[in-house]
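The values are calculated or read from the model by the stated rules, or taken from the named source; none is laboratory data. What you see is a predicted model; the values in this text were computed from it and never measured. All Cβ positions, even for glycine, are placed from backbone atoms using ideal geometry, and neighbour counts span all protein chains on display.
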Amino acid sequence: MDFVWIIGIIVGAIIVIAIVAAALRGMRPKVPEVTPGVPVPIAPEVVAKIDDLVRADSKIVAIKTLREHTGESLQSAKRRIDHWRVGTAPATTAIPIQPPVFHDVGSLRASLPSEAVAEIDRLVAAEQPIAAIKLLREEAGLGLKESKDLIDAWRA
């Protein structure tokens, strides 16, 4: 008889723990769903906090804050913070979530400032592909792989 009571108490405890765990899981804050290409609205107090972080040159913390409140990817949040203008509403609606796609070096060269093209030409001629890739990423807002492929094609 004592054995039945012990088993009943253990089963009851497991049921209570499962109910409490389910209740706590339901109370977790939900990350907003992000639709690619549609900016997530940001509360004014968060905009002010990000303004302060960008002004203080704390970009990493600003990116983390933006990701926490919008659920954006790291790449998208970094791009938004890189183009963030302090004191205005988030100047992100004009910034594409996806970087522009360049299929050939000619269209890329036409879209870049002439100083950047001249510097990339110099770096490619001097066999400094890493510096050229870095400059191209900064100027065009492209990812690492896209920039590397375009610099490889630039040499040809």
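Quick look at the numbers
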{"quantity": "Test: Ser107 is within 28 Å of the chain's Cα centre (by Cα) and under 21 Å from Ser76 (Cβ atoms)", "calculated": "no"}
{"quantity": "Residue within segment 75-98 that is farther than 17 Å from Val54 by Cβ and modelled with pLDDT of 80 or more present", "calculated": "yes"}
{"quantity": "Residue check for Val20: modelled with pLDDT under 85 and on the phi < 0 side of the Ramachandran plot", "calculated": "no"}
{"quantity": "Filter result (touching a residue at least 24 places away in the same chain (Cβ under 8 Å) and either closer than 27 Å to Ala77 by Cα or among the small types (Gly, Ala, Ser) (or both)) within segment 110-128", "calculated": "Ser111, Leu112, Pro113, Ile120"}
{"quantity": "Subset of segment 134-155 [within 12 Å of Val117 (Cα to Cα) and modelled with pLDDT of 85 or more]", "calculated": "Leu135, Leu136, Ile151"}
{"quantity": "Search result, residues across segment 117-128 that are surrounded by fewer than 16 Cβ atoms within 10 Å (Cβ to Cβ) and in a helix (DSSP H, G or I)", "calculated": "Ala118, Asp121, Arg122, Ala125"}
